[in-house]
Amino acid sequence: MFLGILKETAPGETRVALLPESLKSLLAQGISITVESGAGLAAGASDAEYCEAGASVSADRASILANADLLPLVNAPSAADQVQLKPHAVVIGFLKPLDAPHTLTPAIDRPVTLFSMELVPRISRAQSMDALSSMATVAGYKAVIAAADRLPRLFPMLMTAAGTIPPARVFVIGAGVAGLQAIATARRLGAVVEAYDVRAAAGEQVRSLGAKFLDVDLGGISAEGGGGYAAELTEEALDRGRDLITRTSAHSDVIVTTAQVPGRPAPRLIRRAAVEAMRPGSVLVDLAAPAGGNCELTQPGVTQTLGGVTLLAPLNLPAEVPVDASRLYARNILNFLALIVKKGQLSLDLTDEVLAGACVAHQGLPVNARVAKLLGALATPPG
Ligand code: NAD
């Protein structure tokens with residue numbers, strides 16, 4: 001069996017799906033691995049290191065596409081790559097199956113089996129494959145570092161012979177995986193941190209990190225969706241959060257906002273008035289930018305300065321920390337591969353809850369019911 005590792009082609013992408021350190025267990029099963037020359041360079045892995053680890057390196061991308069039985073990727077393959085895939089190959093990656101299902105049609109028709117890391121069920125057994133959490137962890141950290149870099153102030157309180165400098169005040173909106181990492185990072189840098197989440201359950205985690213949890217009375221509305229996620233709120237409930245956010249913005253030097261509701265556009269929580277209330281020099285990092293953004297002034301992918309406030313709306317922060325983002329992602333991929341490769345052979349049990357959940361398409365037909373609906377097709381039951 002052949003496994004290919006390609007150089008990612010999406011603009012600004014620096015991560016790689018597998019690092020040299022990831023290859024041992026695969027090679028031990030007799031799998032041949034070919035790496036496209038330069039695939040790991042931006043993530044700190046040279047061609048020579050892949051060779052030393054036991055892989056072959058080739059500049060012939062077309063040949064890797066045509067021969068790979070297994071193709072772990074970071075991003076979905078381009079249409080040009082999809083039509084070159086080996087029929088019945090297995091492709092795994094952040095395929096954006098719910099955002100852009102039509103872009104996967106050439107691969108579905110080839111046919112290849114597609115597994116999407118976004119769709120891996122968030123159950124205990126699949127935690128080691130939870131690439132969304134891995135990348136959210138990196139993004140939460142990097143958002144705070146990016147804000148600290150831009151802020152014309154120090155984060156920690158400093159007591160010096162020249163007097164005392166007060167600590168920066170950081171406000172984190174959405175205390176999920178990215179938000180909690182942002183809180184922890186801002187606390188490590190010495191900031192005073194406040195956080196708001198619509199899920200009351202997040203309060204304890206926020207407080208355990210030494211931050212203050214801001215509560216909003218939602219008038220009895222349940223904000224808990226399934227699986228630890230938030231539910232979509234009514235405009236009235238959202239407004240209560242917006243009021244709190246506007247009040248808190250006025251004394252915050254940095255806002256990191258991460259609020260999301262799965263499968264929905266990001267809730268618009270930060271009004272123009274909240275940004276206008278921030279002091280000049282303050283920084284707002286909108287980590288929900290890929291889903292449209294939490295701030296009504298956000299332009300995804302664009303950095304703006306509005307009345308002296310810097311508004312960052314990064315679309316791929318993990319790509320700015322490619323070494324560790326790739327290291328975490330590669331471990332998620334390896335753990336996923338362990339479910340579908342047994343003794344060097346492909347073994348696809350689509351009745352397995354994790355595989356059934358993550359499978360986008362198999363044998364030319366969509367497997368995931370939501371993808372099938374978006375494509376106007378009938379889903380094939382897994383198995
Ligand atoms: P996410 O990216 O979907 O959302 C980020 C945060 O935004 C969430 O905490 C959510 O409550 C919050 N949010 C949504 N709407 C909001 C609003 N209107 N106002 C304020 N906050 C709002 O979520 P995530 O970070 O991927 O995960 C959220 C939770 O899911 C985690 O904290 C955890 O409990 C659970 N989880 C479980 C697993 C697992 O079991 N394997 C893995 C990851 C996460």
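Tabulated data
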{"read-out": "Residue ranges of strands (runs of 3 or more DSSP E) in region 48-131 with at least 3 members touching a residue at least 12 places away in the same chain (Cβ under 8 Å) and crowded, with 18+ Cβ neighbours inside 10 Å", "value": "70-75, 90-94, 113-116"}
{"read-out": "Region 1-47, residues that are in contact (Cβ under 8 Å) with a residue 40 or more places away in the chain and assigned to a helix (DSSP H, G or I)", "value": "E21, S22, S25, L26, A42, A43"}
{"read-out": "Any chance I221 is within 12 Å of the ligand (Cβ to nearest atom), in a helix (DSSP H, G or I) and not basic (K, R)", "value": "no"}
{"read-out": "Criterion violated by I245 - all others in (1) within 23 Å of the chain's Cα centre (by Cα); (2) among the β-branched types (V, I, T); (3) at pLDDT 95 or above satisfied", "value": "(1)"}
{"read-out": "Sole residue being under 25 Å from K96 (Cα atoms) and without any contact (Cβ under 8 Å) to a residue 60 or more places away in the chain, chosen from P314, P300, P280, P318", "value": "P300"}
{"read-out": "From V256, V193, V216, residue being in a loop (DSSP other than H, G, I, E, B) and surrounded by 13 or more Cβ atoms within 10 Å (Cβ to Cβ)", "value": "V216"}
{"read-out": "Count - residues of region 230-245 that are assigned to a helix (DSSP H, G or I) and within 8 Å of the ligand (Cβ to nearest atom)", "value": "3"}
{"read-out": "Which listed residue, of A182, A178, is buried (at least 18 other Cβ atoms within 10 Å of the Cβ), in a helix (DSSP H, G or I) and more than 10 Å from the ligand (Cβ to nearest atom)", "value": "A182"}
{"read-out": "Some residue of region 271-283 being within 16 Å of the ligand (Cβ to nearest atom) and touching a Gly at 6+ places or on another chain (Cβ under 9 Å)", "value": "no"}
{"read-out": "Index of the failed condition, A100 passing every other in (1) farther than 23 Å from L317 by Cβ; (2) modelled with pLDDT under 95", "value": "(1)"}
{"read-out": "Any pair with Cβ under 6 angstrom, 6 or more apart, that starts in region 195-213 at a residue that is without any contact (Cβ under 8 Å) to a residue 12 or more places away in the chain and ends at one that is assigned to a strand (DSSP E or B) and not small (G, A, S)", "value": "R207/F213"}
{"read-out": "Qualifying residue in region 330-341 (condition: at pLDDT below 95, surrounded by fewer than 22 Cβ atoms within 10 Å (Cβ to Cβ) and of a type in the set (G, A, S))", "value": "no"}
{"read-out": "Positions within region 193-203 being charged (D, E, K, R) and within 11 Å of the ligand (Cβ to nearest atom), in sequence order", "value": "D197, R199"}
{"read-out": "Condition check for F171: among the aromatic types (F, W, Y), more than 11 Å from the ligand (Cβ to nearest atom) and touching a Lys or Arg at 6+ places or on another chain (Cβ under 7 Å)", "value": "no"}
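The values are calculated or read from the model by the stated rules, or taken from the named source; none is laboratory data. Note that this is a predicted model, so its numbers are computed, not measured. Glycine gets a Cβ as well: all are built from the backbone with ideal geometry, and neighbour counts include every protein chain shown.
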